[in-house]
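See below for the structure under consideration.
The values are calculated or read from the model by the stated rules, or taken from the named source; none is laboratory data. Since the model is a prediction, treat every value here as computed from it, not as a measurement. Glycine gets a Cβ as well: all are built from the backbone with ideal geometry, and neighbour counts include every protein chain shown. Surface areas here come from the heavy atoms of the whole protein model, side chains and all, with no ligands, DNA or RNA. Shrake-Rupley method; radii C 1.70, N 1.55, O 1.52, S 1.80 Å.
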Amino acid sequence: MLDVRRLRLLRELALRGTIVAVAEALSFSPSAVSQQLAVLEREAGVPLLERTGRRVRLTPAGENLSRHAEVILQRLEQASGELVDARRGLAGPLRIGTFPTAARAILPQALIALSHEHPGLEPMVSEIDPADVADALRAGNLDLALIHDYDFVPRPTEPGLTALPLCSESVYLASSDTESDSDEAVASLTDCVERAWITAIPGTACHAMTIRACQAAGFTPKVRHHIDEFATVLALVAAGQGVSLVPELGASHPPPGVRLTPMPIRRRTKIAHRAGSDAHPAVATVTRALRSAVPPLLDAEQ
């Protein structure tokens, strides 16, 4: 009989490519991962891995079994959800990941509603970069998460996960009122070719969006500051330190002296969870609460 926990390790190896990466994601030692995969090979009765120097890769049999593992893990998520009501209803912890602006603008109202309707449920919120959500969900460190993508930076489909649309928002070009004498001076990105820019930290979707949007307009931005927190970005814009692209939720309370010019760019927020957990009562309930908590200024999506 094949062990489900070892099948999960094989699936993770197929996704991550190295035993070290699997060990880091699941908080195991590399030797423990290797030992468990060796046991899985004995259970399967055929070679699942082939070693080339210090690296391993899946054999055709290993790749085939990893695909079956994906289906099995999805069905286990479905079974777990169906058992919840039979046990004790909605109670216990539910781990939610989020990015900062959603944590401020969407989650509080959702959590208030959940505390009234399901007092036994214990939402546990953690801030996490959307780029790290997939690994955290697959590893079981999160049950559900809010993620986002932008025009110019689409988020790839992640194996083993489901992402449902929640809302979308405009992106604004933030500039200082003191930088120019006319509204036309910051009407488009091309008006900012020679200006200093403030972007998010390299490696984030927000940074990539700014770089790609400017490149699509025909130039590479001259980045002076790298700041992730939008309130700080707007404070620097007000201080004349540069211009920046800021999503609507991040620009809801600009300081005096900041001009916001809408751009033909949108950011979309989605609810991500493990495939198969759609019907889990806690996941479905939190999803409904999040949809009800979308601020009216945003475009809710179903």
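Sorted from largest down, give the three principal axis spans of the alpha carbons of the stretch 180-302, whole angstrom values.
Each principal axis gives a Cα extent; for the stretch 180-302 these are 55, 28, 23 Å.
For Asp299, what residues show an amide H to amide H distance below 5 Å, using hydrogens built from the backbone and excluding near sequence neighbours?
Ser168
For Val258, what residues show an amide H to amide H distance below 5 Å, using hydrogens built from the backbone and excluding near sequence neighbours?
Asp177
Against the longest principal axis of the chain, how steep is helix 107-117, in degrees 0 to 90 to the nearest 10, with axes from Cα atoms?
Result, in degrees: 50.
Ordered by residue, what ³J(HN,Hα) values in Hz, to whole numbers, does the stretch 237-243 give under the Karplus form 6.51 cos²θ - 1.76 cosθ + 1.60, where θ = phi - 60° and Gly and Pro are x?
4, 4, 7, x, 8, x, 10
Once you order the gyration tensor axes a ≥ b ≥ c over the Cα atoms, which shape class does the stretch 1-75 get: rounded for a/c under 1.5, otherwise prolate or oblate by comparing a/b with b/c?
Verdict is rounded for the stretch 1-75.
What list of ³J(HN,Hα) couplings, whole Hz, do you get for the stretch 250-262 from phi and the Karplus terms 6.51, -1.76, 1.60, once you set θ to phi - 60° and write x for glycine and proline?
Karplus values, whole Hz, x for Gly and Pro: x, 10, 5, 9, x, x, x, x, 9, 9, 10, 10, x.
Does anyone have the angle between helix 281-292 and the longest principal axis of the chain? Alpha-carbon axes, 0 to 90°, nearest 10?
The two axes meet at around 10 degrees.
Which far-off residues, 5 or more places away or on another chain, put their amide H under 5 Å from the one on Ile106, with H placed in the peptide plane?
Close amide H contacts, sequence-distant or interchain: none at all.
With all protein chains present, how much of the accessible area of the stretch 226-302 (probe radius 1.4 Å) comes from carbon and sulfur, to the nearest whole percent?
The nonpolar share, carbon plus sulfur, comes to 58 percent.
In what sequence, highest mean first, do 167-175, 14-22 appear when ranked by Cβ atoms within 10 angstrom?
The peptides rank, most packed first, as 167-175, 14-22.
With the cut-off at 1.5 for a/c, could you classify the chain from its C-alpha gyration tensor as rounded, prolate or oblate?
oblate
Compute the distance from the alpha-carbon center of the stretch 123-170 to that of the stretch 222-257, in whole Å.
24
May I ask what percent, to the nearest 5, of DSSP beta bridges between residues of the chain are antiparallel?
Rounded to the nearest five, the antiparallel share is 70 percent.
Once phi is turned into ³J(HN,Hα) by the Karplus curve 6.51 cos²θ - 1.76 cosθ + 1.60 with θ = phi - 60°, what whole-Hz value does each residue of the stretch 136-153 show in order, with x for glycine and proline?
Working through the residues one at a time gives 5, 5, 5, 6, x, 7, 10, 9, 7, 8, 9, 10, 9, 9, 10, 4, 6, 9 Hz.
So what is the calculated 222 nm ellipticity per residue for the chain, using -39500 (n - 2.57) for each DSSP H run with n of 4 or more, over all residues, to the nearest 500 deg cm²/dmol?
Helices in the chain give a 222 nm mean residue ellipticity of -12500 deg cm²/dmol.
On average, how much accessible surface per residue is there in the stretch 185-302, in Å², for a 1.4 Å probe, leaving out ligands, DNA and RNA?
With the other protein chains kept in place, the stretch 185-302 gives 42 Å² per residue.
What's the center-to-center distance, using Cα atoms, between the stretch 264-300 and the stretch 18-34 in Å?
32
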